[in-house]
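J.: One structure, as structure tokens, below. Some questions next.
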Amino acid sequence: MIVTVLAFLLTLGVLIVVHEYGHYRVAVACGVKVLRFSIGFGRVVWRHQKSPAHTEFVLSALPLGGYVRMLDEREAPVQAAELGQTFNRKPLWQRTAIVSAGPLANLLLAVLLFAASHWIGVDEPRAQLGAPAVGSLAERAGMRSGDWVLAWQDVEGQWVDVRSINDLRWQVTQHLMLGQALQLQVGDAQGHGGRQVRLGLDELGAQELDALLMKRIGLGLPYSEPVLGEVKAGGPAAAVGLRSGDRVLRTDGHPVSDAQGLRERIRGAVRDGAAQSMVWQLQRGGQMLELTVTPRVVREGERGSERAVGRIDAFVGSPPVLVKVQLGPLDGLSQGLSRTWEVSALTLRMMGRMLVGQASLKNLSGPLTIADVAGQSVQQGLAYYLGFLALVSVSLGVLNLLPLPMLDGGHLMYYLFEGLTGRPVSDLWLARLQRGGIAVLLLMMSVALFNDVARLLGLH
């Protein structure tokens, strides 16, 4: 819990500082006097000011944002000697640059964070897949347990290497959002015998990226050999003499292709609430054995939708094969640029689809989800946390560029009107748009918070 809270505060702190510093730095460069640079809102808990003529830097009690307050005649009277330093008297292009600088700083940060994550490198499971779900797209496309996805085909017909299973899932997500099929080059467990597979993601018309949708696609867990790991004393596995290292070949005469398939058969060995015995053929060293295994019955799921499943109290499956995903300086920077662009475009497409009802509002996430994922990524390592921080930085940058009053994009919308008409938006319309913008933002925040709570309660 402490790690989660600290990771969340660090995430917010970094993103807010970078965003507001973008506004601050460009404002100073344009000759605008900055009165206050605040991290957080509400009561000031710390302040620093070199002199009354300099910017006041403060930390405030509510760390869910920040602001840069500039000298502006619309907010308070300004002395004649300082009129040249006011924001409202600067040319349109300078005001546009100052407002744009915050979101652009977040996007630039994302490029550097994605690049740094690739420079450090991470160990990820190889894109070798377990058995596809029955009736899934992958199964209908002819994919089998142990298939190793080697490459995917881009719009120009070029084959791009798939470096890990996370890389594959990213391409699946992108093609799904675009409503496009994904062409894959697939080999066997050794990467030989390549063949082409068409994954018909364009057939789904999906509204929500969730576990159910991924099951329909059928690209599940990484391939894991059907080998037993640690066997818990006193459990069903130990009772019949199963040992760590045993390789399961068949259950009830049916071949076992991978650990996921074996786990599903164990879970499904329950009829009318009673465990069903299974005959296992297994290999132990050079010896072939046959044992009868009877799982114990446990109940899982939410109240009212519980179901009985089997357990043998042993770890089923060997660790997946890991590959080191690491890039050099130029390649890492190039990947950072392309990934920032891809995530930005994906974020905009998702928002657009939610707006027209083609995607579920359940895809909106709020601070609780961000805090939870931040804590998890910190525990996985620095490279994972930097990648997560980059994703949130992109989201913050894109969100702030939306043409909604109260956001930077709303101010840019006003400046576009001023540039086209030669006159600023009237005070009356500014007030109306501000009220509308507040209502939209409150609605978005409420939906995101509701989704967070629903996920924590297992309702989504």
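The numbers here are math on the coordinates, done by the rules we state, and not lab data. Note that the structure is a prediction, hence the values are computed from the model and not measured. Methodologically, a virtual Cβ is constructed for each residue, glycine included, from the backbone with ideal geometry; neighbour enumeration extends over all protein chains shown.
J.: Angle between the Cα long axis of helix 408-421 and the longest principal axis of the chain, 0 to 90 degrees, nearest 10?
T.: With both axes taken from Cα atoms, the answer is about 50 degrees.
J.: Another question, then. (1) 156; (2) 198; (3) 189: which one is volume of the Cα convex hull per residue in Å³ as calculated from this entry?
T.: It is the one labelled (2).
J.: A further question follows. By the scheme Lys and Arg +1, Asp and Glu -1, what is the net charge of all other residues having a beta-carbon under 13 Å from that of Leu228?
T.: Working: positive: Lys232, Arg243, Arg247, Arg263, Arg284; negative: Glu225, Glu230, Asp246, Asp313.
With Lys, Arg at +1 and Asp, Glu at -1, the net is +1.
J.: Something else about it: So between Ala308 and Gln434, what do we pick up on full extension, going 0.36 nm a residue minus the alpha carbon distance? Walk me through the numbers before you get to the answer.
T.: Working: separation 126, 0.36 × 126 = 45.36 nm, distance 5.39 nm.
Going from the current span to full extension adds 40.0 nm.
J.: Taking the chain as the reference, fit the longest principal axis to its C-alpha atoms, fit the long axis of helix 2-29 to the helix C-alpha atoms, and give the angle between the two in degrees, 0 to 90, nearest 10.
T.: It works out to around 30 degrees.
J.: Report, in deg cm²/dmol and to the nearest 500, the calculated mean residue ellipticity at 222 nm for the chain, where each DSSP H run with n ≥ 4 adds -39500 (n - 2.57) and the sum is divided by the residue count. List each step's numbers first, then the result.
T.: Details: 12 runs with 199 residues, N = 460.
After summing the helix terms and dividing by the residues of the chain, the value is -14500 deg cm²/dmol.
J.: Hey, another quick one. Could you size up the charge dipole of the chain around its Cα centre, putting +1 on the beta carbon of Lys and Arg and -1 on that of Asp and Glu, and report it in debye to the nearest 20? Show your work: numbers first, answer last.
T.: Values: 43 positive and 38 negative charges, 133 e Å.
About 640 debye.
J.: Size of segment 135-238 along its principal axes in angstrom, Cα-based, largest extent first?
T.: Over segment 135-238, Cα extents along the principal axes are 57, 35, 22 Å.
J.: Taking 7 Å along the Cα-to-C-beta vector as the label spot, tell me the Ala238-Asp331 distance in nanometres, rounded to one decimal.
T.: 4.7
J.: Residues of segment 227-269 with backbone nitrogen within less than 14 Å of a virtual label 7 Å along the Cα-to-Cβ line of Gln287, please, listed as ranges.
T.: From segment 227-269, the list is 241-247.
J.: Mind checking which lysines have their C-alpha under 25 Å from Lys33, skipping anything on the same chain fewer than 8 residues away?
T.: Output for Lys33: Lys50, Lys90.
J.: Please state the shape class of segment 185-276: rounded when a/c is under 1.5, otherwise prolate if a/b exceeds b/c and oblate if not, all from the C-alpha gyration tensor. Could you put the intermediate results ahead of the total?
T.: Working: a/c = 2.67, a/b = 1.57, b/c = 1.70.
Verdict is oblate for segment 185-276.
J.: Assuming a ≥ b ≥ c are the square roots of the Cα gyration tensor eigenvalues, decide whether segment 40-121 counts as rounded (a/c under 1.5), prolate (otherwise, with a/b larger than b/c) or oblate. Display every interim value, and only then the final one.
T.: Details: a/c = 2.69, a/b = 1.51, b/c = 1.78.
Verdict is oblate for segment 40-121.
J.: Between segment 237-271 and segment 402-431, what is the C-alpha centre distance in whole Å?
T.: 65
J.: For segment 1-74, which GluC sites (Glu not before Pro) are both in a DSSP coil and crowded by at most 16 other Cβ atoms within 10 Å? The partial results should precede the final answer.
T.: Working: sites: Glu20, Glu56, Glu73; in loops: Glu73.
Passing both the DSSP loop test and the Cβ count: Glu73.
J.: Quick one: if the Förster radius is 45 Å, what FRET efficiency do Arg296 and Phe41 give, using the C-beta to C-beta distance and rounding to 0.05? Numbers along the way, then the final one.
T.: Working: r = 54 Å, r/R0 = 1.20.
So, using R0 = 45 Å, E works out to roughly 0.25.
J.: Follow-up. Test of the criteria: in segment 133-239, which GluC sites (Glu not before Pro) are in a DSSP loop and have at most 11 other Cβ atoms within 10 angstrom of their Cβ? Before the final figure, lay out each step's value.
T.: Numbers: sites: Glu139, Glu156, Glu203, Glu208, Glu230; in loops: Glu156, Glu208.
For GluC sites (Glu not before Pro) across segment 133-239 that sit outside H, G, I, E and B with at most 11 neighbouring Cβ atoms in 10 Å, the list reads Glu156.
J.: What does the C-alpha gyration tensor say about the overall shape of segment 228-318? Classify as rounded when a/c is under 1.5, otherwise prolate if a/b is larger than b/c, or oblate.
T.: Details: a/c = 1.95, a/b = 1.74, b/c = 1.12.
The shape class here is prolate.
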